[in-house]
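Notes follow once the structure below has been shown.
The values are calculated or read from the model by the stated rules, or taken from the named source; none is laboratory data. Note that the structure is a prediction, hence the values are computed from the model and not measured. Don't worry about glycine lacking a Cβ; one is built from the backbone with ideal geometry, like all the others, and counts go over all protein chains shown.
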Amino acid sequence: MNRARRRTNAAAATAVVLATAGGLLTVVAAPASAATSCASPVFKRQFFANTSFSGTAKKTDCDSTINENWGTGAPASGLPKDNFSVRWTVTRDFGSGGPFALSAATQDGIRVYLDGVRKVDLWKNVSTTVTKTVNVTVPSGKHTLRVDFVNWTGKANVKFAYTPRTSATVDKVKPLTPAGTSVKYDAATGKAKLTWAKNKEMDLAGYRVYRRLKGASFSGTPLATTTSTTYTDITLPKTVATYYYEVRAYDMAGNVSAGTADLPVTTADRTPPAAPTKLKAESSSDGVLLAWNMVADASSYRVYRATSSDGTYTRIAATGLNSYVDGSSADDTRYYYRVTAVDAAGNESARSATVSATRWDVTPPSAVTGLTATPTRYGFHLTWDANPTPDLSRYVVYAGELVGDDEEQACIVNEVAWLFADTTSYDYATVPDGEERCLFVDAVDDNGNSHYRQTRSPNIVTANELDTTPSVPTPEDSSVRLYHYADNGVIELNWNRVADATGYQIYRWNPDTRAYEKLAATANTSYSYTDTGAARGDTHYYWVTAQYADGTESAPGGETAVLRP
């Protein structure tokens, strides 16, 4: 009795490993493997190291197809090459069921069970592959297939398949009616989308979708045939009416299921009214005036505008009248217009023919405000407020002198600069010799409208220049005639050739020392000098003299140069 109990325990104790440590025998529990789960219709496969499928399987995995040829070798690691067995099992939904063929080919033995009932029995040790096909009828719903294979000696191979018999003379079983049907209607597009669950039949060929108008019968011809589980009907008439859908499944033998419950859809009115005709456009003081003929069934109209005839038309208005004034149109701009009619259901007509018109711009910009003139060592720094005119093109700076007596003076000016519309300051360069100046800034729009020229009311400001004139006067009888060019932070001096001169001396006024200080000397063949050290934002005074062989210099020629900041 004790020996029998020990044998039973030993056979069951597959999770125990014997190991030695330091000469002592210890017992170590092996980790238990997780149970193998295979998703239907994949088989669960188990390998046994015996021909009786007894004990714990040496290996368990998933197998989508039973088609093995192990020859004379072992089917898996840890198994013998003879006297082993393999079991496949699967439970799946056969849908409506029907006639099936169970096909087996093996060396050595195979047994096939359907719901525990043996259907194929080739159970003997053979030296060549044997085959057998059995026809069975599988009831509807879920059923379990089990395939047992055993190899006693020699070569091992096994093949098994279960396939529906699709001949119309054999298969008389209709597919199940599709389940989970639903329909969604999109009123905006007029489309209806049907969905349903996939049928479980292995011999399913597809689905047929039918549609009927309320009060009518389904046609013998389906609206659509598909292998998908969804269908979008884009052919619904665009008028208010109720339609019904149903779905039927059909198999490879031509058997057709019953139809699903009717799925109703009530369509929206998607028929648009006619497009407006005889659209006209003309300019007015308030904008562009549009008018068109009324359209039957129209409850409103939409006005679209573009900047070119073939450009993008953007909706700018909706109106219940057959006319509209586009007051948002910009002056002196040509616009292109089209109009549509909209019915009570929101259907919009095609667009009318295109017309165009231009709203002329005769309105000058508003006056420039906040003008200030700050005297500087280079002239004046002007600042002003940003002008709010939407189509402002530029600013024009005017500068001049005051003439007349104290009782009546006039500002005689010239244009001195054109500036971009995003500018609100300007450095006006002029020699600061203490004179009183008058200045103003004008605003000009894209059409050339000028606030100053059209209103004759400039924003004049007056200011006195600083006086930076050197205290040492420049002689008027010099043989040296001096010119200059000032830009980008440098001043270039140029002068004429003086006979007998052996070179030239260049001087610059230093207001701190109140003297002209020598900057450089040049040879008699050089008639220019570039002053890169002149400070920006200042007025610079220069002398140039001709130097002679005896060391004397001519009277200086003078020049004044202004560098803006």
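The residues of segment 129-164 that are β-branched (Val, Ile, Thr) and assigned to a strand (DSSP E or B), listed by number, are Val130, Thr131, Thr133, Val134, Val136, Thr137, Val138, Thr144, Val147, Val150, Val158, Thr163. Screening Ala306, Ala291, Ala317, Ala275 for residues that are within 12 Å of Arg351 (Cβ to Cβ), modelled with pLDDT of 95 or more and surrounded by fewer than 18 Cβ atoms within 10 Å (Cβ to Cβ) leaves exactly one candidate, Ala306. Screening segment 306-425 for strands (runs of 3 or more DSSP E) wholly inside it with 2 or more residues that are within 30 Å of Asp442 (Cβ to Cβ) and within 33 Å of the chain's Cα centre (by Cα) returns the ranges 333-342. I'd like to know if segment 494-512 contains one or more residues that are of a type in the set (Ser, Thr, Tyr), over 30 Å from Ala367 (Cα atoms) and free of Cβ contacts under 8 Å to residues at least 40 places away in the same chain. No, segment 494-512 contains no residue that is of a type in the set (Ser, Thr, Tyr), over 30 Å from Ala367 (Cα atoms) and free of Cβ contacts under 8 Å to residues at least 40 places away in the same chain. When Val90 is tested against (1) at pLDDT below 95; (2) under 30 Å from Ser140 (Cα atoms); (3) touching a Leu at 6+ places or on another chain (Cβ under 9 Å), only condition (1) is not met. Within segment 101-121, residues that are closer than 25 Å to Thr153 by Cα reach partners that are aromatic (Phe, Trp, Tyr) and not in a strand (DSSP E or B) with beta carbons closer than 7 Å, at six or more positions or on different chains, in the pairs Asp108/Trp152; Gly109/Trp123; Arg111/Trp123.
Counting only residues that are part of a loop (DSSP other than H, G, I, E, B) and crowded, with 20+ Cβ neighbours inside 10 Å, how many does segment 540-565 have?
Residues flagged as part of a loop (DSSP other than H, G, I, E, B) and crowded, with 20+ Cβ neighbours inside 10 Å within segment 540-565 amount to 2.
The set of residues in segment 320-335 that are modelled with pLDDT of 95 or more and among the polar types (S, T, N, Q) comprises Asn322, Ser323. Filtered by the rule that a residue be in a loop (DSSP other than H, G, I, E, B) and at pLDDT below 95, segment 173-196 gives Ala187, Ala188, Thr189, Gly190.
Residues in segment 197-224 that are exposed (fewer than 14 other Cβ atoms within 10 Å of the Cβ) and either outside any strand (DSSP E or B) or of a type in the set (Ser, Thr, Tyr) (or both): Ala197, Lys214, Gly215, Ala216, Ser217, Ser219, Gly220, Thr221.
Within the option set Arg351, Arg359, being among the basic types (Lys, Arg), crowded, with 16+ Cβ neighbours inside 10 Å and at pLDDT 95 or above holds for one residue only, Arg351. Looking across segment 94-122, the residues that are surrounded by 15 or more Cβ atoms within 10 Å (Cβ to Cβ) and either assigned to a loop (DSSP other than H, G, I, E, B) or of a type in the set (Phe, Trp, Tyr) (or both) come down to Phe94, Gly95, Ser96, Gly97, Phe100, Asp108, Tyr113. In the condition set (1) on the phi > 0 side of the Ramachandran plot; (2) surrounded by 12 or more Cβ atoms within 10 Å (Cβ to Cβ); (3) free of Cβ contacts under 8 Å to residues at least 40 places away in the same chain, Gly379 is compliant with all but (3). Quick one: is Val303 in the same structural domain as Glu348 (by TED's automatic domain parsing) and part of a loop (DSSP other than H, G, I, E, B)? Criteria not met by Val303.
Residue selection: Phe84 fails the criterion of being over 19 Å from Lys155 (Cβ atoms) and of a type in the set (Phe, Trp, Tyr).
Can you list the strands (runs of 3 or more DSSP E) lying wholly within segment 445-529 that have 2 or more residues being within 54 Å of the chain's Cα centre (by Cα) and more than 11 Å from Val544 (Cβ to Cβ)?
Qualifying strands (runs of 3 or more DSSP E): 482-487, 490-495.
Hey, any hits in segment 460-467 for a residue that's within 22 Å of Pro511 (Cα to Cα) and exposed (fewer than 15 other Cβ atoms within 10 Å of the Cβ)?
Within segment 460-467, the first condition is being within 22 Å of Pro511 (Cα to Cα), and the residues that meet it are 464-467.
Now restrict to residues that are exposed (fewer than 15 other Cβ atoms within 10 Å of the Cβ): 464, 467.
Among the residues of segment 460-467, at least one is within 22 Å of Pro511 (Cα to Cα) and exposed (fewer than 15 other Cβ atoms within 10 Å of the Cβ), which makes the answer yes.
Please verify whether Gly533 is surrounded by fewer than 17 Cβ atoms within 10 Å (Cβ to Cβ), closer than 17 Å to Thr560 by Cα and in contact (Cβ under 8 Å) with a residue 40 or more places away in the chain, treating the condition exactly as stated. No; evaluated as a whole, the condition is false for this residue.
Selection within segment 336-347: residues that are of a type outside the set (S, T, N, Q) and at pLDDT 95 or above. The member of this set that is nearest to Tyr395 (Cα to Cα) is Tyr336. Tell me, yes or no, whether segment 11-19 has at least one residue that is within 21 Å of Phe160 (Cβ to Cβ), at pLDDT below 95, among the β-branched types (Val, Ile, Thr) and surrounded by 10 or more Cβ atoms within 10 Å (Cβ to Cβ). No, every residue in segment 11-19 fails to be within 21 Å of Phe160 (Cβ to Cβ), at pLDDT below 95, among the β-branched types (Val, Ile, Thr) and surrounded by 10 or more Cβ atoms within 10 Å (Cβ to Cβ).
When restricted to residues that are surrounded by fewer than 16 Cβ atoms within 10 Å (Cβ to Cβ), part of a loop (DSSP other than H, G, I, E, B) and of a type outside the set (Asp, Glu), segment 75-93 contains 5. Among residues that are in a strand (DSSP E or B) and more than 13 Å from His381 (Cα to Cα), Asp442 is included. Scanning segment 154-166 for residues that are of a type in the set (Ser, Thr, Tyr) and either surrounded by 18 or more Cβ atoms within 10 Å (Cβ to Cβ) or modelled with pLDDT under 95 (or both) yields one hit, Tyr162.
If the condition is being surrounded by 14 or more Cβ atoms within 10 Å (Cβ to Cβ) and under 15 Å from Gly95 (Cα atoms), then segment 176-195 contributes Leu176, Thr177, Pro178.
Out of Ile412, Ile491, Ile506, one residue alone is in contact with a strand residue (DSSP E or B) (Cβ under 9 Å, 6 or more places away or on another chain) and farther than 24 Å from Tyr529 by Cβ. It is Ile412. Yes or no: Val170 of a type in the set (A, V, I, L, M) and either on the phi > 0 side of the Ramachandran plot or without any contact (Cβ under 8 Å) to a residue 40 or more places away in the chain (or both)? No: the conditions fail for Val170. Condition test on Val170, is it assigned by TED's automatic domain parsing to the domain that holds Phe53 and among the hydrophobic types (A, V, I, L, M, F, W, C)? For Val170, the condition - assigned by TED's automatic domain parsing to the domain that holds Phe53 and among the hydrophobic types (A, V, I, L, M, F, W, C) - is not met. Only one of the listed residues (Arg334, Arg248) is over 30 Å from Gly97 (Cβ atoms) and either assigned by TED's automatic domain parsing to the domain that holds Asp203 or basic (Lys, Arg) (or both). That residue is Arg334.
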